[in-house]
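J.: Handing you a structure now.
Read the figures in this text as sums done on the coordinates, not as results from a lab. Source: prediction; values computed, not measured. Methodologically, a virtual Cβ is constructed for each residue, glycine included, from the backbone with ideal geometry; neighbour enumeration extends over all protein chains shown.
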Amino acid sequence: MLSEIKVNASRAAEAVSDPMLLATDLADYLVRAGVPFRQAHEIIGKLVAHCIETGRSFPQLDLAVFQSFSPGFKQDVFEALDLRRALDARQAPGAPSQANVRAQLERWRGLLG
């Protein structure tokens, strides 16, 4: 079965295209800026609620909107909204960075090959 599997790349990309999936990355961003996690979590919750109320997603907000929720947001906040960068930041064992996924694919090809 696995040897015949075909991944539909466009469907996979569509499945992860919702920018709201990056809420955790925004909380991590604030933590790196010195905001305590508990406070960052609350800020991002309010930001998500704002996005839902206004029908906008994170990338559609300008810096002033982000900063109205926390002065910890700076111009580089938009870099945190890049999905590929967000995935690659996840380096722990089992996390979805490209390097980790590549290593697991090679491992399984070796075991199943």
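J.: Roughly speaking, what is the centre-to-centre gap between segment 23-40 and segment 75-113 when only Cα atoms are used, to the nearest Å?
T.: Here the two parts' Cα centres lie 21 Å apart.
J.: How charged is the neighbourhood of ALA80? Take every other residue with its Cβ under 11 Å from the Cβ of ALA80, and add Lys/Arg as +1 and Asp/Glu as -1.
T.: Taking every Cβ under 11 Å from that of ALA80, the sum is -2.
J.: So, one more: Dipole of the chain (Lys/Arg Cβ +1, Asp/Glu Cβ -1, origin at the Cα centre): which of LEU22, ILE5, ALA40 lies farthest to the positive side?
T.: The one lying farthest along the dipole's positive direction is ILE5.
J.: Follow-up question, since we're still on this one. Express the C-alpha Rg of the chain as a ratio against the empirical globular expectation 2.2 N^0.38 Å, rounded to two decimals.
T.: 1.31
J.: To the nearest 0.05, what FRET efficiency results for LYS46 and ALA12 with a Förster distance of 41 Å applied to their C-beta separation?
T.: 0.85
J.: Could you order the peptides 94-106, 56-68 from most to least packed, using the average number of other C-beta atoms within 10 Å per residue?
T.: 56-68, 94-106
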